[in-house]
Structure formats: structure tokens, C-alpha cells
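Take a look at the structure below.
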Amino acid sequence: MTKKRMWGGRFEEETDQLVQEFNASINVDKAMALQDIQGSIAHATMLVEQGILPSADVKTIIEGLSSIRSDIEAGKFSWSVELEDVHMNIERELSNRIGAVGGKLHTARSRNDQVATDFRLWLRDKTYELISLIHETRHVFVDLAEANLDVIMPGYTHLQVAQPILFSHHMLAYFEMFSRDEARLTDSLKRLNISPLGAGALAGTGFAIDREKTAELLEFAEPARNSLDAVSDRDFALEFLSSASILMMHLSRLSEELILWSSQEFGFVTLPDSHTTGSSIMPQKKNPDVSELIRGKTGRVYGNLMGLLTVMKGLPLTYNKDMQEDKEGCMDTVETLTVCLKLTMSMLPKMKINKARMYYAAGRAYSNATDLADYLAKKGLPFREAHEIVGKLVALGISQSKDLQDLNLETMQGVSSLIEQDVFEVLKLESVVNVRNSFGGTGLEQVKSQIKFAKGLLAKTYGR
Ligand code: ARG
């Protein structure tokens, strides 16, 4: 039985059953099967070009690998835990199919450079997919901004009504956040897209391999410069998980706002039936489960980052088996981000925006107080004094249950003789919004020009 193991030469006793299961990673790393074959084909191609293996052997090897790939793609390949991981499952099957020549594939290669190569190839594919999903999500924010330019809502600080803003402006804030996410992932590709293949177990190899060639065949920018680093580096995975955590935090903040906005107290939006659920006991309920779950799943993504940081923190160079724990969290993160982005982008365009409700809420709570102070400051009063006067008017308003615009002129003039009839125009929500025409502000002109700019950015090509 010991013969079954690909590294079994020096072993006499059989591996303990539980050890075998514990040691195996096949249930996780089989997700990288196609990348494993891609890497092997590049490696074998290089071996023949370098005269390390005869071309007839490599032809047989590549045919064998291709037939295995077809079976994997057709879901007809059976994986075995005894063979530990994706690399040995495929290699053993290759030998089953083509005989002893299959054993030549592993010349000048180790599973250490192999797994690092597969993982980078896999994560590169997934990063491109995620970048395109983020790109689509950014489109959704710009579309929402453009379609709702007439919607005024309260802007908040401390979750207290602060100043009225355009709903479009709020959507464009998310556009900015997701633009940074896309840029972060795109930038991470520079460090991810380096080839560890040919680093061997840790120290390189005595065979005259061509690492530039395999890097080129796999569309990596260049080979890693240090073989020790090549097999022991997982920064690319950590960087991915960091970017993923920030992206998830953005999705979570959006979800939190949707949960608040769709509550009875806010009533700013109505989430679509397709993306909400009911209660098994309370017939009236419509719950924002999707948003809550996105907010909740942020925990597992952060956990995956913390998990891998912790796995790596004490490892001496170079490869350690601890590193086999690197993939599951990344795979879970890719899955989580993918579904969360898809749901966000399908839900947002279907939500109903309750314009009147937002407008009403924006006009309450003295959201135009700053503008009254600015009005007095423009008439020459030092801003601090203006602030004090408006504070008094707010207190007066509170005592009479009136907003500033509902106080009559004489009452206001009783507090400051600088106030004139034109104040009522200044206090209107539309004026309060549109006066904020400073670059990046909420005024209609600014928001329109930001939408134009955003569309220009979106039109730029991205990804592959
Ligand atoms: N399954 C292993 C992993 O994912 C592959 C590399 C194993 N290398 C070794 N020297 N045991 O890390």
C-alpha cells in the first residue's frame, strides 16, 4: 500500500487514515485543476524546447493532460483523497493514462512552485472576473444618479440630519468607493502576475530550464527573482483579501443604508419584492434580508483576511504545510464577493425611490440653518455671530414647532435686523442644494459634471 503514495519511497508504515484525511487538500484545491494543467503544459513545453525532455514524450504528456482536462470540464474526473491534492491527482491519472512517461512531467519542478503558480493563475482569473463585476456595479450607481437628478434627500453626519443633498450625489459617493475598489484590484495584479514556476522546491534547479519562457507561456509579466521568495510568498493572496475586505466594507455600508432607508421610520426607498423576504409569523413584514446578509457576510471576509495573516505570521522561509490553508479563505471570499456584487447590482435598479418622502425629511430638522448663517455672513456679520443668531432662531423654531422657513419675517427680524424678505428664497431646499456649487459639492451643476466625468471613466477599458 505504501507504494501508492507518490512520495512513498522511504516509508515503510502506512499513513494513518486520519492523517491522510487531515493532510489532504483535494476538496479545496481541485478548484484549481484547470490552472494546474495550464501550468503543466507550459512547463512541459519549455522542457522540450530546452532539450530536457524528448519531444515525443512531451507530445504524449500534453495529449494526456488535454484528455484529463476534457474529463474535468465534463465533470467526469474522480478525485481521490489518498492522492492528497490536485497536483498528485492529476499527475497520477496522467501516468495511468500514458504510462511511465507521465512520471517525466515533474522533472525540474516541485509541488511548491507548482502550487504557487496554480494559485496565482487561479486568483488572476478570479480577480479579472471580480473587476468586471465591480465595473458593472459602478455603472449602476451612475445610472441611478443620472435618472434621479431631481431627488433631494437629507444628508447626515452622526446620523443626524445635516444638510440637504441630491440623491444622485449620494449615489456618486458609492461610485467613488467602488472605483477605488476596482483600482485596488487592478493594481494588485502587478504583484500577483509574477511567475514562481521553476523556483523548484525552494532553491532553483540544476536543469537548464527557461523561466522566462514559462512565464511568457502563462502570460505572467516576469519570473519571480528569488526562488525562496517565489515558493514562500503569499502576499498576493493577502493583498487580494485586503482589497476584498475594503470592498466588502463598502457593500456593507451600502446595505446598512438600504436597511435604514427602507425602514418605516425613514421610508426613503422601497426594496423590490424580488430581493426581500417575509416573516413566518408577522404577515405585514417585508424584510431586507439580502442587505442584512451582505452586511453579515462582511464578517467572514474579514475573517478570511485575519486567518491568512495569522497563518503566515510565524512561518520561517520557505514553504511550510501551514500554507495549504491559504486557498479556502480566498475561494470563499471570491464566492462571497461574487454573489454580493451580483445581488447589489440587480437589487438597486429595482428599488423604488420615494422622492416626496425624502424631500419632506430633507426639509425638516433645520437642514437649512447653515444657509441662514451664510446669508447673514454674506451681509457682513462675522460667521461666528451669524452662527449664534441662527442658533437662537432654531431654538425659537423648536419652541414653536416650526422650521426656519415657516417663521414669519418679523419674528426673524426680532432676532436680527439684517434678515429681509429675500431670506425665504435662500431657505428653499433647492436653493440650499444648488448653492453648493463648489467642486465636488452637491449642487446640480457639480453633480451633472461629476456624472459626465464618471461616464468617461466607465468607458475606459478595464481588465483583460
Ligand atoms: N497541497 C499543497 C498546498 O496546497 C501543495 C504543496 C505541497 N508541498 C509540499 N512540499 N508538501 O500547499
* To do: Within the range 184-249, report the trypsin sites (Lys or Arg not before Pro) that DSSP leaves as loop and that have at most 14 other Cβ atoms within 10 Å.
  => ARG225
* Structure fact -> Row for the range 142-181, column shape: gyration tensor on C-alpha, a ≥ b ≥ c, rounded if a/c < 1.5 i.e. under 1.5, prolate if a/b over b/c, else oblate; value oblate
* To do: Can you tell me the order of 62-71, 244-253 when each peptide is scored by its average per-residue count of other Cβ atoms within 10 angstrom, highest first?
  => 244-253, 62-71
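Would you mind working out the accessible area per residue for the range 320-452, using a 1.4 Å probe, and quoting it in Å²?
On the way: 6740 Å² over 133 residues.
Ligands and nucleic acids excluded, the figure is 51 Å² per residue.
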* Report, in degrees rounded to the nearest 10, the 0 to 90 angle that the Cα long axis of helix 289-312 makes with the longest principal axis of the chain. => 50
* To do: Mind checking the per residue accessible area of the range 27-174 for me, 1.4 Å probe, whole number of Å²?
  => 37
* Asked: Does the chain come out rounded, prolate or oblate by the C-alpha gyration tensor, with a ≥ b ≥ c the root eigenvalues, rounded set by a/c under 1.5 and, if not, prolate when a/b is larger than b/c and oblate if not?
  -> prolate
* Please work out the average accessible area per residue across the range 257-316, using the 1.4 Å probe convention, and give it in Å². => 57
* Asked: Which angle from 0 to 90°, rounded to the nearest 10, does the C-alpha axis of helix 167-192 make with the longest principal axis of the chain?
  -> 20
* Structure fact -> Nearest 10, in degrees from 0 to 90: the angle of helix 235-261 to the longest Cα principal axis of the chain is 30
* Structure fact -> In debye to the nearest 20, the charge dipole size for the range 266-370, taken about the Cα centre with +1 at each Lys and Arg Cβ and -1 at each Asp and Glu Cβ, equals 680
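Just in the range 209-272: which GluC sites (Glu not before Pro) are loop by DSSP and have at most 16 other Cβ atoms within 10 Å?
Within the range 209-272, the qualifying GluC sites (Glu not before Pro) (loop, at most 16 other Cβ atoms within 10 Å) are GLU219, GLU265.
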* Name the residue farthest towards the positive end of the dipole of the chain from the options VAL151, GLY314, HIS169, assuming +1 on Cβ of Lys and Arg, -1 on Cβ of Asp and Glu, about the Cα centre. => VAL151
* **Share of carbon and sulfur in the accessible heavy-atom surface of the chain [1.4 Å probe, %]** => 54
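The values are calculated or read from the model by the stated rules, or taken from the named source; none is laboratory data. Source: prediction; values computed, not measured. Backbone-built Cβ (ideal geometry, glycine too); neighbour counts: all protein chains shown. To get the accessible areas, we keep the full protein, side chains included, count just its heavy atoms, and leave off ligands, DNA and RNA. Shrake-Rupley method; radii C 1.70, N 1.55, O 1.52, S 1.80 Å.
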